[in-house]
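Participant: Sharing a structure here in structure tokens format.
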Amino acid sequence: ARRGPVELRRIEDRTSRQVRFSKRRSGLFKKAFELGLLCDAEVALLVFSPAGRLYEYASSSNN
């Protein structure tokens with residue numbers, strides 16, 4: 001069965017929000033890697049956590 005549109009809103013529970021952030025961040029970095037590899041694109045990604053920590057990814061140009 002097909003679901004309707006999902007309502008996107010802030011996750012109120014702090015622990016659940018942190019877990020979701022970590023999982024979504026991992027997926028985003030995987031997609032950035034795949035985009036660079038499959039499309040021969042140079043990709044850069046910066047993500048700041050709610051606590052202000054920086055996570056970064058940059059595809060290498062020496063493929």
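The values are calculated or read from the model by the stated rules, or taken from the named source; none is laboratory data. These figures come from a predicted structure and were not determined experimentally. Cβ placement follows ideal geometry from the backbone for every residue including glycine, while neighbour counts extend to all protein chains displayed. Areas reflect the complete protein model, heavy atoms only, side chains present, ligands, DNA and RNA absent. Shrake-Rupley method; radii C 1.70, N 1.55, O 1.52, S 1.80 Å.
Participant: Out of everything in the range 8-63 that is in a strand (DSSP E or B) and either touching a Lys or Arg at 6+ places or on another chain (Cβ under 7 Å) or β-branched (Val, Ile, Thr) (or both), what residue ends up being most open to solvent (accessible area, probe 1.4 Å)? Spell out the reasoning first.
Facilitator: Initially, the range 8-63 is screened for residues in a strand (DSSP E or B), giving 44-48, 54-58.
Then keep just the ones that are either touching a Lys or Arg at 6+ places or on another chain (Cβ under 7 Å) or β-branched (Val, Ile, Thr) (or both); that gives 47, 55.
Values: Val47: 22, Tyr55: 47 Å².
Filtering first and then ranking leaves Tyr55.
Participant: What about Gly36, is it touching a Ser or Thr at 6+ places or on another chain (Cβ under 7 Å), small (Gly, Ala, Ser) and modelled with pLDDT of 95 or more? Walk me through it before giving the result.
Facilitator: Values: touching a Ser or Thr at 6+ places or on another chain (Cβ under 7 Å): yes; small (Gly, Ala, Ser): yes; modelled with pLDDT of 95 or more: yes.
Considered against the rule, which asks whether it is touching a Ser or Thr at 6+ places or on another chain (Cβ under 7 Å), small (Gly, Ala, Ser) and modelled with pLDDT of 95 or more, Gly36 comes out as yes.
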